[in-house]
Amino acid sequence: MENAALMPWLISTAFLHSIMIQEKRGMLKIWNASLVLGASTLAIFGTFLVRSGVLQSIHAFGASTLGVPFVSLIALMTGGSIYLVVSRRDVLRSEHRLDSLFSREAAFMLNNIVLVGLCFVIFWGTIFPLISEAVTGTTASVGPPWFDRYTVPLALVLVLLSGIGPVIPWRRATLANARRNFALPLGLALAMLIASYTVVPISSSAPTVILFCCVAFVFGSIGQEFWRGWRVRRATSSDSPATALVSMVRRNQRRYGGYIVHLGIATLFIGVAASATFQHTHYVNLSRGQSDTVGGFTFTNERPTAAIVDDPSGTGALLTLGVYLRVSRDGRYVTTEHPTAEYYPDASGAEGPVGSLIGGDAVSELALDSTWRRDISAAINAVPLQASLQTEINYANSSVTAKALAGNPTLPYILLAIIAHNYLQHPPPAPLKLASSPLVMWLWLGALIVLFGGIVAIWPPPGAVRGRVRARYLARVAREVGRA
């Protein structure tokens, strides 16, 4: 269901770029109107996917009677959008034409094509199960490999364009301008390419190498723009370096706020590429004292843990089993992780007096240690751990007679405590999922940079509010004078 939220976001992002072409050159009016109408229709379509129950997802609601009303509304919005655009095509005619393919307008138009292409790929992959079921009667779905085949190349082009668009001139770029604007970014991209084969060997993944080079290009391009603007501001004022930077941004908040957003997107893609390409995951069974190495980190099962009716998270678990894992790297201590498995009551009571206390759905609680460089995590598989206790549960159930249970209703809890004690004394091998992922926090860092850039871009400039109030006041005075 993440796809449902992503599609209107992609179309809206395309509109934010193409509306600048309309503002500067009076172009793409029909296209922009179509993007706005398409984004609103896709928002309703996403709500339809989530609320109608036509697709199975942990984020979707179950079966619902809202399917037909939503389909009718989507059909009405689609038909109405087409009618509005076609009937007003003369009013929306462009005032100018594209002067050159090597211009900011062309870069923004290519950016729009890529964003709409990404949206179409996601749209097709999302609705394909519905089409398959309607045509063949069987539900077929597409997985990550299919999405990666199309989204990865488009994402690479998108990152590269986020560095080209801000520095290329409007209307037409000359060779001298291109040399001046792209020398530094291309040099940084080339340096990253060399580093990927020498200093940090990441050459095993060609898409990751290309992405890192594109990110270096973006950082060079945007950093160069900030540097040039800051130097001009310093040369034309007596401001301190920090004050000059702030003044430069405040004088053109939309421009530099957009630059910051582009830096955030590039940072986010670093986290995506690094965490996906260099993630290491092991599924192992570790007995007490045994170790396993994942991504350079050694996990050692130090001791088991068990607790009954001790649920700090307040979820209602009656039995919590887990292990303490000592994590080290090159012999040096890093951290201690405590993954747990929590067991809940079974309302049906089919597991007997003792088993019903922990026979419900089991939940694994992830242990995570996160820094700006890497995430290391451990999770214990609750299901096989519960199966290893089944013999003791069956024995405890058979030992509880109806008479004994009537005389001592706490007896099942006592036997549960004995089971937990036996687990501590004779723990089975812990079924673990161990993972090491670099630069995951860069995803969050990139998102924060994007948020900050958006705030900078939309923040009202100094005096804007007073100016609007004054304009309204003058307009009201003019109306009163006209009436008089």
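The values are calculated or read from the model by the stated rules, or taken from the named source; none is laboratory data. These numbers come from a predicted model, not from an experiment. No Cβ is skipped: glycine too gets one built from the backbone with ideal geometry, and neighbour counts run over all protein chains shown.
Descriptive notes on the structure:
- Checked against the criterion of being surrounded by fewer than 13 Cβ atoms within 10 Å (Cβ to Cβ) and over 29 Å from the mean Cα position of the chain (by Cα), the candidates 98, 175, 184 yield just one match: 175.
- Condition met for residue 165 (buried (at least 16 other Cβ atoms within 10 Å of the Cβ), without any contact (Cβ under 8 Å) to a residue 60 or more places away in the chain and within 20 Å of residue 11 (Cα to Cα)): no
- Residue 103 vs. criteria of a type in the set (Ser, Thr, Tyr) and without any contact (Cβ under 8 Å) to a residue 40 or more places away in the chain: no
- Residue 132 being part of a helix (DSSP H, G or I) and at pLDDT 90 or above: no
- Flag if residue 173 is part of a loop (DSSP other than H, G, I, E, B), more than 20 Å from residue 16 (Cα to Cα) and small (Gly, Ala, Ser): yes
- Some residue of segment 80-98 being under 14 Å from residue 46 (Cα atoms), among the aliphatic types (A, V, I, L, M) and at pLDDT 85 or above: no
- Filter result (more than 19 Å from residue 11 (Cβ to Cβ) and either in contact with a Leu (Cβ under 9 Å, 6 or more places away or on another chain) or surrounded by fewer than 13 Cβ atoms within 10 Å (Cβ to Cβ) (or both)) within segment 101-116: 101, 105, 106
- Residue, modelled with the lowest pLDDT, within segment 305-327, restricted to residues that are surrounded by fewer than 19 Cβ atoms within 10 Å (Cβ to Cβ) and assigned to a strand (DSSP E or B): 307
- Qualifying residue in segment 61-72 (condition: surrounded by 17 or more Cβ atoms within 10 Å (Cβ to Cβ), part of a loop (DSSP other than H, G, I, E, B), modelled with pLDDT under 85 and of a type in the set (A, V, I, L, M)): no
- Close pairs from segment 143-157: first more than 14 Å from residue 120 (Cα to Cα), partner surrounded by 13 or more Cβ atoms within 10 Å (Cβ to Cβ) and among the polar types (S, T, N, Q), Cβ under 9 Å, at least 6 apart: 157/111
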